[in-house]
Amino acid sequence: MIDASAVRPTSSVQDRSAPTRPGIVPARRGATVDVAGLHRRYWTADGSLDAINGVDLTISPGEFCVIVGPSGCGKTTLLRIIAGLDRATSGLMEQHGPDGRPPTNAMVFQGHSVFPWLTVRQNVSYGLKLQGVGRRERGNRADRLLERVGLTRFARVYPHQLSEGMRQRVAIARALAVDPDLLLMDEPFGALDEQTRLRLQEELLRIWEDTGKTVLFVTHSIDEAMVLADRIVVMSAQPGRVKANIAVPFARPRSLTAVRSDPRFAPIFSQIWDLLRNEEEIVSPLPLERV
Ligand SMILES: Nc1ncnc2c1ncn2[C@@H]1O[C@H](COP(=O)(O)OP(=O)(O)OP(=O)(O)O)[C@@H](O)[C@H]1O
Ligand SMILES: [Mg+2]
């Protein structure tokens, strides 16, 4: 374990060639993440605020871990610290890539994850350029991923010429292009219409099944969490900590319809909803008429 207040983003990325299917890197295991007693305090003009305090979380290589929790409980804060974009105030964090090397990561946010001044293809190959990957290989990998997310026809257009769902697909392709050991996704489908969301959930599941990456995914949707996750981490109200770990038992490869019609779906949904409802009551103790 290392002191998480001193963690830096890792940037070493290896070129894994010879994809087995279009846009797909050879199957392998992802990163391991281990955090203990993680605490982040923010200071503002009104004083200090503990966004998270005492977060303990271990994510296994190749695990699809989904975090749910009340608004403001520190989900984004936790992801940013794990991504190396922010520092913990105190606590411990350890991350390992496959073969013990430092892991690489990529983060997809809700919206704002693409550069508006670059074309779709340039966006997808941007991270590879930073890593010094040659022009031809960059182009090949970008093209394979654009095919994978169904955007080949739009390679030369700019993000403002796309729909929101298409922009989010560019963001996912961009994150996957650098072949991260750890994919961090912060409500990536939150602003999308239901049909696009379902399609992207399915596509993400297929990509995850093919690549074996470790995924840490934040959502407000219990339904989405249950469809995607191996394990759902329920966080308490701010200051956030891990309140419960719920194993999701549905078989892989998963189909969205099979999961929803599984007799175990409703009881697990209720269990998570009860946990969240208790926390929401902590966050909103005032009856509406008194607000
Ligand atoms: N840079 C910052 N400076 C001060 N306070 C911050 C900062 N970033 C986050 N916070 C506070 O930390 C707490 C947790 O914020 P965070 O964005 O991590 O929550 P969240 O769980 O992602 O919420 P949501 O579900 O609404 O996205 C909030 O109270 C927020 O106001
Ligand atoms: Mg957030």
Task: Options GLY139, GLY91, GLY127: the member that is touching a helix residue (DSSP H, G or I) at 6+ places or on another chain (Cβ under 7 Å) and assigned to a strand (DSSP E or B) - done: GLY91
Task: Criterion violated by SER236 - all others in (1) more than 30 Å from HIS39 (Cα to Cα); (2) within 16 Å of ligand 1 (Cβ to nearest atom); (3) hydroxyl-bearing (Ser, Thr, Tyr) satisfied - done: (1)
- [ ] Would you mind stating whether ALA247 is away from ligand 2 (no atom under 16 Å from the Cβ), over 16 Å from the mean Cα position of the chain (by Cα) and either of a type outside the set (Ser, Thr, Tyr) or over 22 Å from LEU57 (Cα atoms) (or both)?
- [x] yes
Task: Among (1) part of a loop (DSSP other than H, G, I, E, B); (2) free of Cβ contacts under 8 Å to residues at least 40 places away in the same chain; (3) away from ligand 1 (no atom under 16 Å from the Cβ); (4) within 15 Å of the chain's Cα centre (by Cα) - the single one GLY132 does not satisfy - done: (4)
Task: In the stretch 102-124, residue nearest to ALA173 (Cα to Cα) [restricted to those that are outside any loop (DSSP other than H, G, I, E, B) and of a type in the set (S, T, N, Q)] - done: ASN123
Task: Residues of the stretch 188-219 classified as within 15 Å of ligand 2 (Cβ to nearest atom) and modelled with pLDDT under 95, total - done: 4
- [ ] Could you pull out the residue among GLY91, GLY100, GLY74, GLY69 that is modelled with pLDDT under 95 and either more than 16 Å from the chain's Cα centre (by Cα) or of a type outside the set (Ser, Thr, Tyr) (or both)?
- [x] GLY100
TODO: Return yes or no: is GLU194 touching a residue at least 24 places away in the same chain (Cβ under 8 Å) and not hydrophobic (A, V, I, L, M, F, W, C)?
DONE: no
- [ ] Kindly indicate which of ILE172, ILE207 is among the aliphatic types (A, V, I, L, M), away from ligand 1 (no atom under 16 Å from the Cβ) and in the same structural domain as VAL33 (by TED's automatic domain parsing).
- [x] ILE207
TODO: Looking for whichever is touching a Leu at 6+ places or on another chain (Cβ under 8 Å) and either closer than 30 Å to GLN122 by Cβ or in contact (Cβ under 8 Å) with a residue 40 or more places away in the chain (or both) here; the options are VAL227, VAL170. Which one fits?
DONE: VAL170
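The values are calculated or read from the model by the stated rules, or taken from the named source; none is laboratory data. Computed from a predicted structure; not experimentally measured. Every residue, glycine as well, gets a Cβ built from its backbone with ideal geometry; the counts of neighbours run over all protein chains shown.
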